[in-house]
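Visitor: Following this message is one structure expressed as structure tokens.
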Amino acid sequence: MEHEDSLHYAFEMLIRHRTEVLCSYKQRLEQANAELVNLSITDPLTGLLNRRKFEENLQTEISRAQRYGPLSLLMIDLNFFKAVNDRYGHQAGDEVLKRVAVLLKACCRETDTCARLGGDEFAVLLPHTDGVAAEVVRERIHNECARTSVPFDGEELALSLSIGMASLPRDAANTGELIAASDADMYRVKQASRVEAGFRRVG
């Protein structure tokens, strides 16, 4: 009987150990899968969503806004970015892009979509936000941008953004129209500010 009890105990311990190992493998697999999903939707430099995930979110929010509205889109272009890379190198350019990402996330809600579309182009999707409220967000980003600089190699590089804005249903009725209207407004802003080539230093 004692021998049988010992075998039974050893068997239970073996089963418990193997169960723990399998659970550990499962947790690591789930973590690895989650990391792969995150990598597939995230811009590796800035940590913002990438273009593919942005477009997916945009379609979802457009469909929702067409039923419940409203929805606003900010298209953002970094001024002077080529000058940064030419004068200070791509490492400085990367630091500028990362700082813009931090700024956008700080100025937006968790429910908003902040994305890097590529190069020096960013976008912010504002669900349940009409044109008046979106203008407040745009102004908030501009104000924060004016207070922000990027330290690099002993200098402080100032940020400059051109931000276009459009809202559904006020300015557009579908995805293509919303993007086009926001893009057009961004170029209007850039022309109105008479942005010239060069990158401003602070101090």
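To keep it simple, each residue is scored yes or no on (1) closer than 23 Å to Gly69 by Cα; (2) touching a residue at least 12 places away in the same chain (Cβ under 8 Å); (3) of a type in the set (Asp, Glu).
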residue: Lys98; (1), (2), (3): no, yes, no
residue: Val102; (1), (2), (3): no, no, no
residue: Ala106; (1), (2), (3): no, yes, no
residue: Asp112; (1), (2), (3): yes, yes, yes
residue: Gly118; (1), (2), (3): no, yes, no
residue: Gly131; (1), (2), (3): yes, yes, no
residue: Cys145; (1), (2), (3): no, yes, no
residue: Phe152; (1), (2), (3): no, yes, no
residue: Glu156; (1), (2), (3): no, yes, yes
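Visitor: With buried (at least 21 other Cβ atoms within 10 Å of the Cβ) and on the phi < 0 side of the Ramachandran plot as the only criterion, which of Ala92, Ala115 stands out?
Guide: Ala115
Visitor: Among the residues of segment 120-129 satisfying the criterion of being closer than 23 Å to Pro44 by Cβ and touching a residue at least 60 places away in the same chain (Cβ under 8 Å), which is farthest from the chain's Cα centre (by Cα)?
Guide: Leu125
Visitor: So which residues in segment 11-47 are modelled with pLDDT under 70 and either closer than 30 Å to Val100 by Cα or not charged (D, E, K, R) (or both)?
Guide: Residues satisfying the conditions are Phe11, Tyr25, Leu29, Gln31, Ala32, Asn33, Ala34, Glu35, Leu36, Val37, Asn38, Leu39.
Visitor: A further question on this structure: For the structure I just gave you, tell me whether Leu49 is under 27 Å from Asn174 (Cα atoms) and in contact (Cβ under 8 Å) with a residue 60 or more places away in the chain.
Guide: yes
Visitor: Take segment 72-89 and flag every residue that is assigned to a helix (DSSP H, G or I) and at positive phi.
Guide: Hits for segment 72-89: nothing passes.
Visitor: Out of the residues in segment 60-86 that are among the hydrophobic types (A, V, I, L, M, F, W, C) and under 20 Å from the mean Cα position of the chain (by Cα), which is farthest from Glu156 (Cα to Cα)?
Guide: Across segment 60-86, the extreme among qualifying residues is Ile62.
The values are calculated or read from the model by the stated rules, or taken from the named source; none is laboratory data. Since the structure is predicted, the reported quantities are computational estimates derived from the model, not experimental observations. Cβ coordinates were reconstructed from backbone atoms using ideal geometry, including for glycine residues, and neighbour counts include every protein chain displayed.
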